[in-house]
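Reading through the structure tokens given below for one structure.
The values are calculated or read from the model by the stated rules, or taken from the named source; none is laboratory data. Values in this document were obtained by computation on a predicted structure and should not be read as measured data. Every residue, glycine as well, gets a Cβ built from its backbone with ideal geometry; the counts of neighbours run over all protein chains shown. With ligands, DNA and RNA removed, areas are computed over all heavy atoms of the protein, side chains included. Shrake-Rupley method; radii C 1.70, N 1.55, O 1.52, S 1.80 Å.
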Amino acid sequence: MTAHPIEEYTSSSSWALIEHLFSPYAKETLANLVDFVHNEIEPARKVWEAQLPNDPVQRWKTIIPITEELKVKARKRGLWNLFLSKKHYPEHGVDLTNLEARDAFTIYSFFSYQLF
């Protein structure tokens, strides 16, 4: 069996225990998310820090430009509202089970909580 990119964030033995519970769509979404974190979010961290105001008052009032750019990219890649169930939100949700959404949420909350 080919290693899944999610194994960068968990052990291969842990993934082997639950991989059969993930739909092909969920596996593809997780791979897409890992790729997005590596190729978009991690490189943007320094830009984000540079765009973040030093003034604590302004920090909470500022919309950081790189964050808005990454939100657009995430939406285009189908990585928006991954926590919304298609069953409950047919127009905006995604077709992930609670387990699948939890794993996706764990990854993107760790790396990019403001973006999604």
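Filtering His20, His38 for residues that are of a type outside the set (Lys, Arg) and closer than 16 Å to Arg77 by Cβ leaves a single hit, His38. Checking each residue in the range 74-89 for being open to solvent by less than 90 Å² (accessible area, probe 1.4 Å) and either of a type in the set (Gly, Ala, Ser) or farther than 28 Å from Glu7 by Cβ (or both) picks out Ala74, Gly78, Ser85. For the range 19-67, how many residues meet the condition of being of a type outside the set (Val, Ile, Thr) and assigned to a loop (DSSP other than H, G, I, E, B)? So the count comes out to 8. Among the residues of the range 46-73, write down those that are under 27 Å from Leu33 (Cβ atoms), open to solvent by less than 90 Å² (accessible area, probe 1.4 Å) and hydrophobic (A, V, I, L, M, F, W, C). Val47, Trp48, Ala50, Leu52, Ile64, Ile66, Leu70, Val72 - these are the residues of the range 46-73 that are under 27 Å from Leu33 (Cβ atoms), open to solvent by less than 90 Å² (accessible area, probe 1.4 Å) and hydrophobic (A, V, I, L, M, F, W, C).
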